[in-house]
Amino acid sequence: MARPVAFVTGASSGIGLATATILASSGYDLALFDLNDEPLENLARTLRQQGGKVVPVYGDVASEVDMDRAITAIRSDFGRLDAVVANAGINGVWAPIDDLTPDEWDATIRVNLRGTYLTLNRTVPLMKDRGRGSIVVVASINGVRTFTNPGATAYSATKAAQVAMTQQLALELGRHGIRINVVCPGAIETNIEASTEIRHREEAEVPVIWPEGSVPITGGDPGRANDVGKIIMFLLSDAARHITGSPVFVDGGQGLLS
Ligand code: NAI
């Protein structure tokens, strides 16, 4: 039987990297996409040692030209697509609404929302061709359960929109045998701090006192990228054949507190 093929965006780091690693060890061939080329190349080299085919594509998830290069590579290298993980994202600038500039607003919307749209816009035709497929979008508890991160308005708006997109598309894509679900992680230890700029936090902050740590199940520690990757793997698999349009919170209960 041919190996299933998955496309993972934002695969050079964090949740995308963990997901790609789990998928490779579960028998998937992979097309991996990221802006950051060196770590992507290293990951591809490591994962190939498990016997599967791994094709790295460097590019900006919000660029039509770059996304089309990825689709061309998927068509020519694999000739099929079974699974998509729309994961690439940035925290962007977190600042009070009257301080956040239009360019900063656009930058977050561009990567997180246009990037998700383009990923789905370009990959869905490949899955429609086969009459089956599974998509997982990586959103957040922010904008869905949590609104206490000061100044995270643009970020939260993109994450709420990703959940809305998932629910809308679950109905649209069902007749094509394509499932789509969304994971909403809480704090996860990754490199996302590198894509974060926080300004005038005190102006947007609401005082909150957490009861003994903000992540109940770990006593306060953040989750691991693997914790999210395993759930993504489950949602992509046939074990989740009756789940579509569902947000799954991977937050150790954090979002229930905040
Ligand atoms: P990360 O920063 O470790 O990894 C993100 C990856 O996306 C990086 O490799 C980066 O190069 C890539 N990327 C960023 N902009 C890109 C673009 N324009 N085109 C292509 N690739 C791009 O961050 P992490 O935490 O793994 O984030 C992955 C997703 O998880 C994001 O959508 C984020 O919003 C979401 N998330 C993360 C949480 C956390 O606490 N780390 C919590 C909730 C959601």
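Of all residues being touching a residue at least 60 places away in the same chain (Cβ under 8 Å) and not aliphatic (A, V, I, L, M) in the range 105-146, which is nearest to the ligand (Cβ to nearest atom)? Just the residue, please.
Gly115
Any idea which of Asp66, Asp99 is more than 24 Å from Arg175 (Cβ to Cβ) and near the ligand (Cβ under 10 Å from one of its atoms)?
Working: Asp99 fails: near the ligand (Cβ under 10 Å from one of its atoms).
Selected residue: Asp66, the only one of Asp66, Asp99 that is more than 24 Å from Arg175 (Cβ to Cβ) and near the ligand (Cβ under 10 Å from one of its atoms).
Please go through (1) more than 10 Å from the ligand (Cβ to nearest atom); (2) at positive phi for Ala20 and return the number of the only condition it doesn't satisfy.
(2)
Listed here are the residues, each with its yes/no results for (1) touching a Cys at 6+ places or on another chain (Cβ under 7 Å); (2) under 26 Å from Tyr117 (Cα atoms); (3) of a type in the set (S, T, N, Q).
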position	(1), (2), (3)
Val136	no, yes, no
Asn142	no, yes, yes
Gly177	no, yes, no
Asn191	no, yes, yes
Glu197	no, yes, no
Glu203	no, no, no
Val206	no, no, no
Asp221	no, no, no
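Given (1) over 21 Å from the mean Cα position of the chain (by Cα); (2) charged (D, E, K, R); (3) modelled with pLDDT under 95, identify the lone condition not met by Arg175.
(3)
List, please: which pairs have Cβ atoms under 9 Å, are six or more places apart or on different chains, and start with a residue in the range 222-233 that is within 13 Å of Ile192 (Cβ to Cβ) and within 10 Å of the ligand (Cβ to nearest atom) and end with one that is part of a helix (DSSP H, G or I) and aliphatic (A, V, I, L, M)?
Hits for this filter: Gly223/Ile217; Ala225/Ile15; Ala225/Leu17; Ala225/Ala18; Val228/Ile15; Val228/Ala18.
Quick one: which of Ala44, Ala31 is buried (at least 24 other Cβ atoms within 10 Å of the Cβ), more than 14 Å from the chain's Cα centre (by Cα) and in contact (Cβ under 8 Å) with a residue 12 or more places away in the chain? Reasoning before the result, please.
On the way: Ala44 fails: buried (at least 24 other Cβ atoms within 10 Å of the Cβ).
Testing whether each residue is buried (at least 24 other Cβ atoms within 10 Å of the Cβ), more than 14 Å from the chain's Cα centre (by Cα) and in contact (Cβ under 8 Å) with a residue 12 or more places away in the chain leaves just Ala31.
Scan the range 126-153 for residues that are open to solvent by 50 Å² or more (accessible area, probe 1.4 Å), assigned to a helix (DSSP H, G or I) and under 24 Å from Met233 (Cβ atoms) and report the count.
3
Limited to the range 170-201, what total is found for residues that are in contact (Cβ under 8 Å) with a residue 24 or more places away in the chain and away from the ligand (no atom under 16 Å from the Cβ)?
11
Mind telling me which of the residues Val57, Val65 ends up being among the hydrophobic types (A, V, I, L, M, F, W, C) and either surrounded by fewer than 22 Cβ atoms within 10 Å (Cβ to Cβ) or over 19 Å from the mean Cα position of the chain (by Cα) (or both)?
None of the other options fit; the residue is Val65.
Collect the residues in the range 12-58 that are touching a Lys or Arg at 6+ places or on another chain (Cβ under 8 Å), β-branched (Val, Ile, Thr) and under 28 Å from Pro222 (Cα atoms), keeping them in residue-number order. Show your work before the answer.
Start the filter on the range 12-58 by keeping residues that are touching a Lys or Arg at 6+ places or on another chain (Cβ under 8 Å), which leaves 18, 22, 27-30, 52-54, 57.
Applying the additional criterion that residues be β-branched (Val, Ile, Thr) yields 22, 54, 57.
Across the range 12-58, the qualifying residue is only Ile22.
The values are calculated or read from the model by the stated rules, or taken from the named source; none is laboratory data. No experiment lies behind these values; they were computed from the predicted model shown. Backbone-built Cβ (ideal geometry, glycine too); neighbour counts: all protein chains shown. Note: areas computed on protein heavy atoms with side chains; ligands, DNA, RNA excluded. Shrake-Rupley method; radii C 1.70, N 1.55, O 1.52, S 1.80 Å.
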